[in-house]
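S.K.: Before I ask anything, here is the structure I am working with.
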Amino acid sequence: MLALLGLITVLVLLVGIMTNRMSALVALTAIPILAALVGGFAPQVGGFMVTGIKNIAPVAGMFVFAILFFGILTDAGTLDPIINRVLRIAGDSPVRIVVGTAILAAIVHLDGSGAVTFMVTIPAMLPLYDRLRIDRRILACVVAMAAGVGNMLPWGGPVLRAAAALEVPVIDLYLPLIPVQLVGFAMVLLFAWWLGRRSTRAAGWDSGHAVLGDPTASDAGAAADVSPAAQDDPRRPKLFWINALLVVAVIGSMISGIVAPVVCFMVGTVLALLINYPDAQQQRVRIDAHAKAALLMASILLAAGVFTGIMSGTGMLKAMATFAADHVPTAAATHLPFILGLLSMPLSLLFDPDSFYFGVMPVLAQVVQAHGGVAVEVAHAAALGQMTVGFPVSPLTPATFLLVGLCGLELGVHQRFAIPFLLAISVVMTLAAVAFGLFPL
């Protein structure tokens, strides 16, 4: 009963968000509360919500100050030289820009953090997309594809969880996945090239040249919203190297783990304001310029905390995992890794990584092993999509909301556009895994 309630809750949530009948904030809050009340957990609902919010609070704080930090430095013109360099390399070709986005996201994701990948790649590339009138859905999709395939790295969360759950060395688990991952990256570049070609036609390009208006039009529009006390140009080109060093210091400190991410971006935001806008009025104007995006992101992330808190506290996630593992047909055991590989990406929409890799996957591995298979085959199959390729569209990961927030998209819009590409990559990697002998067909 609890498993069924959990499944209905997740499905209603996905339908509500993907059909735009509910905003992510409303769906993530109202639906799990209603499910908990139906399940008889009324006295504990408040506690579940508070627990979930506490768990997500540091992440929400990091995202809020990350938005302010990168927004302020963008206002100061820190990204202008990078944008101009990419424009010179890419020329006026959307194909090169979209493919370059995929390569940049893949490089940045070498640290294994989806949040860092989104926070570095999207603010750097978004002005290019807007300037050249490339659909923002393409930016979100391409970054999601590159980060998703990159999340198969051995220091990424899914592979680490899989290795820990099966008690196998993480390198032994990952090495056979390398050729499959390379196939995945090839698919990312192929789709990026195709999306770039499609955007070329959609934007009305002729022989590789765009019909563009004034490239400063968007800046002029933004300036109209600034208060009279701060009509001066917010760009600080003379402070480029100081701002660049500040970005390196903040991101480096966060990746190294020396300081908590929320502290890194909080201190970085303060330093960015002091360095570029020492006047108190200027500081207020810059904060106000990005407060709406930061507040929206914080509210959605806290709502996601409510959702995960209720789903975990009521036991619905655990019940779903147990039910799924207990009802695998015996006849399908031999083909289970292949079936799991095909379903691994959509399973990211139903299970968070902890409940799947520590709940569902070990039981599935036991089923395969009992029928003469190898347990690690299940881990290989799961890594082809479950919270790897699938994480950038899952409402169960906070980084997804950061991705859509930075791109200015609704979650449902992003999911409808990106899921077919992500699913195709996962299916192709599953077929490649069969071809490379990771598990049988």
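S.K.: Return the calculated 222 nm mean residue ellipticity for the chain, to the nearest 500 deg cm²/dmol, obtained by summing -39500 (n - 2.57) across DSSP H runs with n ≥ 4 and dividing by the residue count.
M.R.: -23000 deg cm²/dmol
S.K.: Given 383, 407, 8, which one lies farthest toward the positive end of the charge dipole of the chain, if we put +1 on the Cβ of every Lys and Arg and -1 on the Cβ of every Asp and Glu?
M.R.: Selected residue: 407.
S.K.: If you scale each eigenvalue of the Cα gyration tensor by 5 and take the root, what three semi-axes come out for region 41-134, rounded to whole angstrom and sorted largest first?
M.R.: Listed largest to smallest, the semi-axes of region 41-134 are 36, 15, 12 Å.
S.K.: A further question on this structure: If one takes the longest principal axis of the Cα atoms in the chain, at what angle in degrees, from 0 to 90 and to the nearest 10, does the Cα axis of helix 361-370 lie?
M.R.: Approximately 30 degrees, to the nearest 10.
S.K.: Could I ask something else about it? Any idea what angle helix 136-150 forms with the longest principal axis of the chain, computed on alpha-carbon atoms, 0 to 90 degrees, nearest 10?
M.R.: With both axes taken from Cα atoms, the answer is about 50 degrees.
S.K.: With springs only between Cα atoms under 10 Å, which of 381, 304, 365 fluctuates most in a Gaussian network model of the chain?
M.R.: Highest fluctuation among the options: 365.
S.K.: Additional query: Given the options 173, 37, 189, which has the most mean-square fluctuation in a GNM of the chain, springs set between C-alpha atoms less than 10 angstrom apart?
M.R.: Result for the chain, Cα springs under 10 Å: 37 fluctuates most.
S.K.: Where Lys and Arg each count +1 and Asp and Glu each count -1, what net charge lies around residue 243 among other residues with Cβ under 12 Å from its Cβ?
M.R.: After counting each charged neighbour, the total is +1.
S.K.: So, one more: How big is D for region 342-406, in µm² s⁻¹ as a whole number, if Stokes-Einstein is applied with the Kirkwood radius of its Cα pairs at 20 °C and 1.002 mPa s?
M.R.: 175
S.K.: Next question. Tally Lys/Arg at +1 and Asp/Glu at -1 over every other residue whose Cβ is under 14 Å from the Cβ of residue 10; what's the total?
M.R.: That works out to 0.
S.K.: If I take every Cα pair under 8 Å that is 6 or more residues apart in region 1-55, average their sequence separation and divide by the length, what percent do I get for the relative contact order?
M.R.: Across region 1-55, relative contact order equals 30 percent.
S.K.: Cβ under 13 Å from residue 81's Cβ, residue 81 left aside: what net charge do those residues give with Lys, Arg +1 and Asp, Glu -1?
M.R.: Here the charged neighbours net out to +4.
S.K.: From the phi angles alone, apply the Karplus equation (6.51, -1.76, 1.60; θ = phi - 60°) to region 298-312 and give each ³J(HN,Hα) in whole Hz, x where the residue is Gly or Pro.
M.R.: 4, 5, 5, 5, 5, 5, 4, x, 4, 4, 5, x, 5, 5, 7
S.K.: If you place +1 on the Cβ of every Lys and Arg and -1 on the Cβ of every Asp and Glu, how big does the dipole about the Cα centre of region 33-185 come out, in debye to the nearest 20?
M.R.: Rounded to the nearest 20 debye, it is 280 debye.
S.K.: Rounded to whole Hz and in sequence order, give me ³J(HN,Hα) for region 404-410 from the Karplus expression 6.51 cos²θ - 1.76 cosθ + 1.60, θ = phi - 60°, writing x for Gly and Pro.
M.R.: 5, x, 5, 8, x, 10, 7
S.K.: Angle, helix 94-108 long axis vs. longest principal axis of the chain, Cα atoms, 0 to 90°, nearest 10?
M.R.: On a 0 to 90 degree scale, this one is about 70.
Coordinate-derived values only; no laboratory data. Please read all numbers here as calculations on a predicted model, not as lab measurements. No Cβ is skipped: glycine too gets one built from the backbone with ideal geometry, and neighbour counts run over all protein chains shown.
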